[in-house]
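One structure is given here, and the rest of the page talks about it.
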Amino acid sequence: MAVRKFSEKRLTAEVLHRIRNTKNPRLKQVMASFIRHLHAFVREVKPSHEEWEKGIGFLIETGKWCSDRRNEFILLSDTQGVSMLVDAINYKAGAGATESTVLGPFHRLNAPEYPLGANIAKRASDGVPCLVSGTVKDAKGRPIAGARLDVWEAGADGFYDSQKGKAMNLRGVFRADARGRFHFRCVRPEYYPVPHDGPAGKLLTATGRHPMRPPHLHFWITAKGYKPLITHLFVKGGKYLDSDAVFGVKPELIVDFKKSKGGVATATYDFVLMKEKK
Ligand code: BEZ
Ligand code: FE
């Protein structure tokens, strides 16, 4: 049997040749691109054996940090800008439609459903009281009655409920009324760090970056016939708006959280959903 002579130059072509029988065309395309880019990366970086081992060790460590409550690979994707890149490719807000941003790891299924006006903060110590209101409409300004708004946020201590235990707090589901209006109580969002005690955090520090996210409130808005919208409202004037650790800030999503006389912050926003393509 003739064995082809190894050559650094030929190797990429040889690996690509080996996957020529991949049945799934999308997998073939993805793997061919992966091989080409990975080989090009190695050619550019020229890692020593020790550096290559260190890279593999980093991936092993990232896997070890993953559990039901923590996905270090998603955190790595978020902090390296990949999650926002995937979102930018897949969610193109049409004229007048609300921009999307990163989902993050702290959304939970089965959050309690509340009537409009309810408070998602269970304790006074959760933060500064805040009232958020607005509408959900389509691109022509027509209200989307019954739109489902799933909202969640960190407390003033910088933690989400899921980082502290099983109990649900600072999250809830609301339904817009017949005129597409919603309002609920929460706490004024504060800045906080993404989990940074693992490999993703170590990489941030090693590359001269901080782990902070600017103050924000998460929304996942759905309605029949419309594209789901995953987004945040960011607090105008908040710290780290220009250096979000996960690159999630878009100017259109920055909102004034005004202080009212009674010490309650108020914010209002009109969300615009795009029609689902049939
Ligand atoms: C968040 O906003 O909840 C978040 C997003 C990405 C990574 C970590 C946290
Ligand atoms: Fe968040």
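Sparse packing (at most 16 other Cβ atoms within 10 Å of the Cβ) combined with a DSSP loop state is found for the following GluC sites (Glu not before Pro) in region 1-96: 8.
Within region 10-64, all pairs of alpha-carbon atoms sorted by distance into 10 Å bins from zero give the percentages 21, 37, 35, 7. Build a GNM of the chain with springs between Cα atoms under 10 Å apart, and of 28, 227, 239 the one that fluctuates most is 28. The stretch between residue 19 and residue 109 holds 28.5 nm of extra length on full extension. This uses 0.36 nm per residue minus the Cα-Cα distance. Expressed as a whole percentage, what fraction of the accessible surface of region 72-273 belongs to carbon and sulfur atoms when a 1.4 Å probe is rolled over the protein heavy atoms? The C+S portion of the solvent-accessible surface of region 72-273 is 59 percent. Region 19-58 and region 87-112 have Cα centres lying 30 Å from one another.
Dipole check for region 148-278: with +1 at the C-beta of Lys and Arg, -1 at the C-beta of Asp and Glu, and the Cα centre as origin, the magnitude is about 480 Debye. In this Cβ point-charge picture (+1 for Lys and Arg, -1 for Asp and Glu), region 10-64 has a dipole of about 480 debye about its Cα centre. Entry comment: accessible area of region 236-278 is 65 Å² per residue, from protein heavy atoms only and a probe of 1.4 Å. Rounded to the nearest Hz, the phi-derived 3J(HN,Hα) couplings of region 78-92 under the Karplus curve 6.51 cos²θ - 1.76 cosθ + 1.60 (θ = phi - 60°) are 4, 6, 9, x, 6, 4, 5, 5, 4, 5, 4, 6, 9, 10, 9, where x marks glycine and proline. The stretch between residue 243 and residue 209, if pulled fully straight at 0.36 nm per residue, gains 11.3 nm over its current Cα-Cα span. Could you compute the net charge surrounding residue 3? Neighbours are other residues with a C-beta less than 13 Å from the C-beta of residue 3; K and R count +1, D and E count -1. Taking every Cβ under 13 Å from that of residue 3, the sum is +2. Less than 5 angstrom separates the built amide H of residue 272 from those of 98, 137, all sequence-distant by 5 or more or on a different chain. Here the Debye sum runs over all C-alpha atoms of region 72-273 as equal scatterers in vacuum, and log10 of I(q)/I(0) at q = 0.10, 0.15 Å⁻¹ comes out as -0.40, -0.94.
Per residue, the accessible area of region 86-164 comes to 48 Å², computed with a 1.4 Å probe over protein heavy atoms only.
The values are calculated or read from the model by the stated rules, or taken from the named source; none is laboratory data. Nothing here was measured: the structure is a model prediction, and the numbers come from that model. FYI the Cβ positions are ideal-geometry reconstructions off the backbone, even for glycines, and counts take in every protein chain you see. Note: areas computed on protein heavy atoms with side chains; ligands, DNA, RNA excluded. Shrake-Rupley method; radii C 1.70, N 1.55, O 1.52, S 1.80 Å.
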